[in-house]
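Notes to accompany the following structure.
The values are calculated or read from the model by the stated rules, or taken from the named source; none is laboratory data. In this text the structure is predicted, and so the values were computed from the model without any measurement. Here Cβ is always computed from backbone atoms with ideal geometry, including for glycine, and neighbour counts include all displayed protein chains. The protein model used for the area step is the full one, side chains on, heavy atoms only, and it has no ligands, DNA or RNA in it. Shrake-Rupley method; radii C 1.70, N 1.55, O 1.52, S 1.80 Å.
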Amino acid sequence: MALSAADLPALYTLLVNSMSQDESVRKPAEAALSQSENRPGFCSCLMEVITAKDLVSQVDIRLMASVYFKNSINRYWRKRRDSSGISSEEKQHLKQKLLSHLREENNQIAQMLAVLISKIARFDYPREWPELFSFLAQQLQSADVLTSHRLFMILFRTLKELSTKRLTADQRTFAEISSHLFEFCWRLWQSDIQTILHGFSTISQSYGSSAVEQHHDDLYLTCERCLFCLKIICQLVISGFQSDAKCIQEIRPVKEVSPVLLNAAQSFLPYYTSFQSRHPKFWDFIKKACTKLMKVLVAIQQRHPYSFGDTCVLQPVLNFCLNKITDPEPDVLAFAQFLIKCMVMVKSVLECKEYKPSLTGRVMDENSVTLEQMKKNNSNAVAGVLTSLLPKERIVLLCNILIRSDLEEWYENSEAFHHEQDMVQWTEKLRPCAEALYIVLFENHSQLLAPIVVSILQEAMNGCPTSVTEITPGLLLKDAAYGAAAYVYYELSNYLSFKDWFDGALSLELSNDHPNMRIIHRKVALILGQWVSEEITHNDSFLMFASIQIKNDIKRPVYCALIRMLQDKDLSVRLAACRSLCLHVEDASFSEKDFSDLLPVCWVSCFNLVKEVQEFDSKVQVLNLISVLLGHVNEVIPFANNLMQFFQMVWEESSGESLLQIQLLIALRNFVVALGYQSPSCYAMLLPILQKGIDINGPDELNLLEDSMLLWEATISHAPTMVPQLLAYFPCLVEILERNFDQLQVAVDITEGYIILGGREFLSMHASSVARLLDLIVGNVNDRGLLSTLPVIDILIQCFPTEVPPLISSTLQKLVVICLCGGDDKDPSKTAVKASSAAILARIWVMNTNYLAQLTSEPSLSSLLQQTGVAIEDNILLCLVDIWLDKDCELGN
């Protein structure tokens, strides 16, 4: 039954109740709304609630109605098998209603309305809603500031939604939209920029004037509209044109837009500092605008590298960014996010493969210009621009600037500092971004910069002896130089002897225990991890090799140094040592002989570190080291009790942290493997954890199941005998496979372990589960799955030739069908399945002849063969004998 205007009061009450804190009120309301979703008129009633003038102040109710409207669009806008969906008439009404309510004053509601329009446009544009963009463009011609702001919000959301459609026809449609909208949006954006800059100039000259402040709201709306317009322009340029790296055609808007975007950023920057305290709203806009402008330039460069590589674009943009990095004004120094975006731009250009000189020659007719030749010509032209912008002196200066960065964030939170340096996105923090750019710069100019880096390193070590305790510029330079040497170790090995460096400097640094030396200790830990072993990296069209740096004669001192830093008072140092130690243990040349007597203190240090750290990533990192140790050292049993207590503690404290629990399950698997046939000693701790991991009804089943299955398989494989608790878990395997076959191979291995280990006790307890399991698999998985499962059936019959065949008769009937089906000559996997199935049936014939004769004479088997289209005129058993003889002949040949 359709909903109408008469149902609005009831719907309003349900929406109110759905936000109640009282569960007894909220749950029935949510259920009633859910039941109404597919009723005709539901969305129309929601639209009336959203746009009702008497509900303007009740934003929460309107937002809730918007959420239900959005969900209904996703579920019912298109017709479904179980629902007729929203009628064409109601759809038309909703679209008209949405477009008639463009001047929404509440920003949250306006955003939701824009989302609603974008969701509908994804389904209906252009076939069912061809007038959408022409209508929006027409409204923009006469809109006031607020309405135009809302219109651009709608345009942005809608274009963003449409740009994600990947079909060729959809991309062609987006290109048409771009051709119609670009000029208008571009002119309006330029006009808004001039309006904003004029307004900022007036504000800065008239501080405290009430007459000027009256116009702040309109100016701020213009600022917001300008940001939306910028995002739209970005979408039109990025998604409205095929990448010029593929089509090798100049994208005209790139050359038109990019210099203007750069000028806008340059114009906004002088207001950054002056507006910070006096005009926080506009200061926030400047932050957003400047970073967004640079972000758009990076996106354009990555999408259209050749058009961006034109001298009129690349030269001013890259020159600007390089100047901001090497000689920043005070405004830019205080604006870290903008400086990061400048570094991102330079890095993007330096590592752009389209700008690399081509090493291939021409192989086509000299009179024709191939696509590859056009690319080569473009690359050579850009290479010339880059060479003029980056002479040797500027490269060396840039390298020095990137290396010599500060450490002011360390003292606030050393643990958080460690993760910011090692784990966060490099584009989020200034120092990791500088390091990322430094690495790319070094890779591009290694022969020039390697001696420079070594000279900076020597300067730093000479200017700051290992006995220093004060945080001086010399100490900070040493920290930076050590970091620079760590990140490009593969090239510096030709200029620097690691043994001499370690003996003459790095090991001595660790003898100074002053708290301020934690800065250097952390970098020493980083170096010891980076220089661990041979590295092979791909750089353009050639391979770079770095030989093993930490030779056998210094492995022991390096291990001792890392263990010492694992006990440091500073968490950042300890975590860096933890990461580097993990790299050493995983290394192919890891020396357990040199490390074995360090194991006790290593275990204790890891246990203590997990207790002290607070960050989730820290716990995962330490647990990963423990897991790696368990997988690479033999002496685990003496520490088994301590490890069990540790694992129990971590499991209890990791409730709800599935990533940490996954790492724990991996460590437990390695622990079980390391214990081998002594693994039952850990069952009191292990089995309750395993039981929770394989429970498909558990809250973290999706995250934990895969690793829990691997732990289960390891537990069965290394168990000397079957214990009652393990025996009781087998039905869980059937429940897991009833959901899907994602874990089929591991499930088969587990089943095989139960058969061999559990023997007759297992079969007597779980006969029905075994039958269900095999019947579930055979006939429902592909040939690869069958080939992994059939050996288990064979083992079962070998172990229990009398009991098992009657138990799995349904599965055996399917195997008979597989054997008697033709068409296996051209498919090796089907041939293998047929041969394996025939071998199993032959084994039954030898070991339980009467049963096979009975099986092949059952009416249900004849019926199954008919259903699958297999015509059998002779006795089924005789047909099987023919197949066995054929297979024997094939094997004989």
Selection status of SER36, touching an Asp or Glu at 6+ places or on another chain (Cβ under 6 Å) and open to solvent by less than 40 Å² (accessible area, probe 1.4 Å): no
Any residue at all in the range 787-805 that is outside the structural domain of ASN875 (by the TED database), aromatic (Phe, Trp, Tyr) and out of contact with any Asp or Glu (no Cβ under 7 Å at 6 or more places or on another chain)? no
Scan the range 817-835 for residues that are within 17 Å of ASN780 (Cβ to Cβ) and in a helix (DSSP H, G or I) and jot them down. VAL817, ILE818, SER829, LYS830, VAL833
Does any residue of the range 44-64 turn out to be assigned to a helix (DSSP H, G or I), buried (at least 16 other Cβ atoms within 10 Å of the Cβ) and within 33 Å of the chain's Cα centre (by Cα)? yes
Can you find a residue that is over 22 Å from TRP531 (Cβ atoms) and surrounded by 14 or more Cβ atoms within 10 Å (Cβ to Cβ) anywhere in the range 564-575? yes
Got a sec? Which of SER507, SER533 is under 24 Å from LEU575 (Cα atoms), at pLDDT 90 or above and in contact with a helix residue (DSSP H, G or I) (Cβ under 9 Å, 6 or more places away or on another chain)? SER507
Give me a count of the residues in the range 716-738 that are in contact with a Leu (Cβ under 9 Å, 6 or more places away or on another chain) and either free of Cβ contacts under 8 Å to residues at least 24 places away in the same chain or charged (D, E, K, R) (or both). 1
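For (1) free of Cβ contacts under 8 Å to residues at least 24 places away in the same chain; (2) under 25 Å from ILE401 (Cα atoms), each residue gets a yes or a no:
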{"residue": "ALA264", "(1), (2)": "no, no"}
{"residue": "PRO270", "(1), (2)": "no, yes"}
{"residue": "PRO280", "(1), (2)": "yes, no"}
{"residue": "VAL296", "(1), (2)": "no, no"}
{"residue": "PRO305", "(1), (2)": "no, no"}
Being at pLDDT 80 or above, more than 29 Å from the chain's Cα centre (by Cα), within 26 Å of LEU448 (Cβ to Cβ) and of a type in the set (Asp, Glu), is that true of even one residue in the range 390-397? yes
Sort out which residues of the range 715-766 are assigned to a helix (DSSP H, G or I) and among the acidic types (Asp, Glu), and write them in order of number. GLU735, GLU738, ASP749, GLU752, GLU761
